[in-house]
Amino acid sequence: MASTSTSSEQIPVRVFGGPTALFEYGGLRFLTDPTFDAPGTYQVPGGQLTKTAPSAAPAGLGRIDVVLLSHDEHPDNLDTSGRALLADVPLTLTTPGGGQRLGSGAKGLADWESIELDRPGGGTITVTGVPAIHGPGAREDVEPITGQVVGFVLTGESLPTVYVSGDNASLDMVKQIAERFGPVETAILFAGAPRFADLFGGELIVLDSAQAAQATRILGARRVVPVHYDSWAHFTEGRDELVAAFTDAGLGDRLDLGDRS
């Protein structure tokens, strides 16, 4: 099922660091994985995560209509400040499990499940939950260790198609999404090549820079805004690696590092 959008409009995307980005689409304002805590160390099962750089304060965000939360179980995707922010947001879309844990105001989306959102000026936006795997290998092997993750595709009449990957490490999932929705206008790709020596034998748990470039080609994405590659110590690749990978793939003109003002 391909997208019916014919718009070539490029939506502005404001990037805050880590996985957090803000964009307006069809008159609604969407925020991805909110992480606004100060730098510090967070204890997680089996170890710790270290945030190395601050993000803008939530008070500077303005109105948020929808949070697109790839998963709620890791502090580098939803931290203490992010959880507090959810209370003031009308709708949080996330995994089925996260929808149950977060309670009122949150809705979980299963694979290919859609929700219609009313646009302020009339018409609707369709947000579809799309598959993601937070590690290498089969979903049934990965999810018991790193949990459920969901990505999102946004579509609407006369609107560009937007894909938000979430913490996905599987190019096979990207291919399935491209078959249904490609080509996409803007892909917000989580990258950074995070890996841990004691987790999956040190294999990637989210895309590296070269895979992000591959995903761009698979999706037919006209623009890619990368997130999830800075501000945390477990990200092993950053801005320079992304620029190099996209340049080497002949896709440098599609890479957009977003507005950080």
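Each reported figure results from applying straightforward, stated rules to the coordinates on display, with no laboratory input. What you see is a predicted model, and the numbers here were worked out from it, not measured in a lab. In this analysis, Cβ positions are derived from the backbone assuming ideal geometry, glycine residues included, and neighbour counts consider all displayed protein chains.
For the pair the stretch 191-250 and the stretch 11-81, the centres of their Cα atoms are 18 angstrom apart. Taking other Cβ atoms within 10 Å as a rough exposure proxy, 70, 231 sort from fewest to most as 231, 70. Between 39, 90, 144, which gets the highest mean-square fluctuation from a Gaussian network model of the chain, Cα cutoff 10 Å? Of 39, 90, 144, the most mobile in the Gaussian network model is 144. For 200, 16, 246, the sequence from fewest to most other C-beta atoms within 10 Å is 200, 246, 16. Using only alpha carbons, the chain has a radius of gyration to Kirkwood radius ratio (Rg to Rh) of 0.93.
If you rank 219, 28 by fewest surrounding Cβ atoms within 10 Å, what's the result? Don't skip to the end; give the middle numbers.
Details: 219 24, 28 21.
Lowest to highest Cβ neighbour count: 28, 219.
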